[in-house]
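Data first, discussion second: the structure below is written as structure tokens.
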Amino acid sequence: MEVVVRLEGVSTTYEGERRPAITDINLLVERGELITIIGPNGAGKTTLLETINGLLPSEGLVEVFGLSVREHGRELRRRIGYVPQDFMVEAGTPFLVKDVVAMGRVGRIGPLRPIREGDWEIIWAVMEELGIADLADRPIGKLSGGQQQKVMIARALAKEPELLLLDEPFSSLDARSRMVVCEILDGLREERGVTVLVVTHDLSAIPEGCERIVLLNEGRITADGAPDQVFASEAFLRAYGPVRAVIA
Amino acid sequence: MIALPSTLLLRAIAGGVLAGALCSLVGVFAVRLRMSSIGFCMSHSAFAGAALGVLLALDPLLMAMLAALATAALLGPISEKAKLPANVIAGVMFPMTMALAFIFLMLLPGPVIGLTVLSLLWGSVLTVSPSDVAFLAILLALTTSFIVLFWKELNAVLFDPRLAEADGVNSRAYMNAIIFLLGGVVALSLKLVGGLLVYALVVNSASTALQLSYDMKKIFLLSPFIGMLAFLSGFGLSLWLDLPVGSSIVLTSSIMLATSIALSPKRKRG
């Protein structure tokens, strides 16, 4: 199988901090996998995602599509869809929903080439899929938290990414919207072999179809495997305590 | 009402209209990216540069431009090194450049402060030369081309620079380009409205445009016309009531902003 993400001995320390936010991470992600990264608050989940996306300087080997993110970060980010955690804009923000979704294609297209008809077809198709096409001409700041979250997911999908990094993508979505997003992710994996990494602290937000869970605790991977295996592990009990009822 | 020779009047109007359009266009970047204090800092360092030019018997306008551009070049790296927002560094540099300007003025021989420096402080639209108009026209053409050519990248940076970076856009390069553009526009507009007031034309006109739409494309299309209108109405007021041009422009642009806030569709329900 083709390896999409390779991390070997990776540690990331924020500037001014002595203790790394993630330590000695080793992780292999294959093409088409859907992996959920779980862990309690402050476990280093977002740091791990941003390290893979080349947004944070780190030690160790971080490769995406066989290329080092240190040397090819910007070039790689043009192929990676990213949804940041809790992204909300002010009410008066002067951008329309369709323009924010279209921004997803900017890196992919590259400089000096405008957004063309073909790009707009992709942008509209993604908005239709997520049920936000009727919001296209509305200012993004006027939308609810859940609608804004869908816009950010649409923006990441409009890029036609080969790797999707989703940081708490379901935190503001209702059950039906979560299902729609999960169906879209399944479709992308099956049809185009897109690899998906989802970060969540909420165990009830683990997407359906997830076959592998990575548990982070205090900056280290403490369990990695099938959901049943991870939930049954000592590491899980140490990280979350007795919460089995929630995931049952 | 003051009567002026027609060539002088036309040149002043041409220079003012170009400066109004330019200030307003770059103002949209400055306001949206919260760079307002950076602009203030640049206009005051340009004033310090002009004062140094007079002291050293060099061209004050050239020195003003160099000082504004040097500030633009220094702000980013200092802010990164100090791990402080550029706005904070600008807040520190702003009084420092004013202090330098006053020291340079104090060092001037004789009791009279140079007229050139004063004109750069308060503005003197009637002394605009054909080459000033040409420079403004060239800078407007360059600014417009920059916006049109890199529209989608600039739009993404204006929405959120960090998110744009995560999408593979070189946000830092675009931010630096915007700061340089701001420095150039402030320095070239100094002669017209003065170092103390030029930034009002930048902030007020852009803020007016931002009140009128949620669509960034429309805001960029509207803003140069608002800047031109701010200049023309201020210039007309100054001729009519014999008031300083720079002050009149600031007053009319402030009234335009207040009116846009009152009439803004952003405050309507539904």
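Relative to the dominant Cα principal axis of chain A, helix A:145-158 is inclined by about 80°. Indicate the residues belonging to region A:103-133 that lose 50 Å² or more of solvent-accessible heavy-atom surface (probe 1.4 Å) upon moving from the chain alone to the assembly of all protein chains, ignoring ligands and nucleic acids. With the partner chains in place, region A:103-133 has these residues losing at least 50 Å²: A:Met103, A:Val106, A:Leu112. Report relative contact order for region B:3-145 in percent, whole number only (criteria: Cα-Cα under 8 Å, sequence separation at least 6). Relative contact order of region B:3-145: 35 percent. On a per residue basis, the convex hull of the C-alpha atoms belonging to the protein assembly as shown measures out at 163 Å³. Taken residue by residue and averaged, Cβ atoms of other chains lying within 10 Å of the Cβ of A:47-55 number 1. In chain B, the portion of solvent-accessible area held by carbon and sulfur atoms comes to 75 percent [1.4 Å probe, whole percent, DNA, RNA and ligands not counted]. Summed over both chains, the accessible area lost when A and B associate is about 2600 Å², using a 1.4 Å probe.
Counting Cβ atoms of other protein chains within 10 Å of each Cβ in B:206-219 and taking the mean gives 3. Each listed q (0.12, 0.14 Å⁻¹) maps to a log10 I(q)/I(0) for chain A, found by the Debye formula over equal Cα scatterers with no solvent: -0.70, -0.95.
With semi-axes defined as the square roots of five times the eigenvalues of the C-alpha gyration tensor, the equivalent ellipsoid of region A:1-92 measures 21, 18, 14 Å, largest first. Volume per residue for chain B equals 134 cubic angstrom (convex hull of Cα atoms). Remark: region B:27-33, residue by residue, has Karplus-estimated 3J(HN,Hα) of x, 4, 4, 4, 6, 5, 8 Hz, where x stands for each Gly or Pro and the curve is 6.51 cos²θ - 1.76 cosθ + 1.60 at θ = phi - 60°.
Dividing the summed helix terms, -39500 (n - 2.57) for each DSSP H run of n ≥ 4, by the number of residues in chain B produces a 222 nm estimate of -27500 deg cm²/dmol to the nearest 500. Excluding ligands, DNA and RNA, the accessible surface per residue across region A:5-135 is 45 Å² with a 1.4 Å probe. Just checking the listed ones, A:Ile115, A:Ile184, A:Ile22: in the Gaussian network model of chain A with Cα springs under 10 Å, the one fluctuating most is A:Ile115. Surface exposure of chain B, expressed per residue as accessible area with a 1.4 Å probe, stands at 43 Å². Couplings 3J(HN,Hα) of region A:82-98, computed from phi: 9, 10, x, 6, 6, 7, 10, 10, 5, 4, x, 4, x, 9, 7, 3, 4 Hz, in residue order, whole Hz [Karplus 6.51 cos²θ - 1.76 cosθ + 1.60, θ = phi - 60°; x for Gly and Pro].
Backbone phi angles across region B:126-133, fed through the Karplus curve with coefficients 6.51, -1.76 and 1.60 (θ = phi - 60°), yield HN-Hα couplings of 7, 9, 5, 9, x, 5, 4, 4 Hz in residue order; Gly and Pro are listed as x. Region B:147-167 and region A:55-73 have Cα centres lying 23 Å from one another. Overall, the accessible surface of region A:152-248 at a probe of 1.4 angstrom is composed of carbon and sulfur to the extent of 48 percent.
The values are calculated or read from the model by the stated rules, or taken from the named source; none is laboratory data. Remember, predicted model here, so these are calculated numbers, not experimental data. Note that we place each Cβ from the backbone using ideal geometry, even for glycine, and neighbour counts take in every protein chain shown. SASA here: full protein model, heavy atoms, side chains in, ligands and nucleic acids out. Shrake-Rupley method; radii C 1.70, N 1.55, O 1.52, S 1.80 Å.
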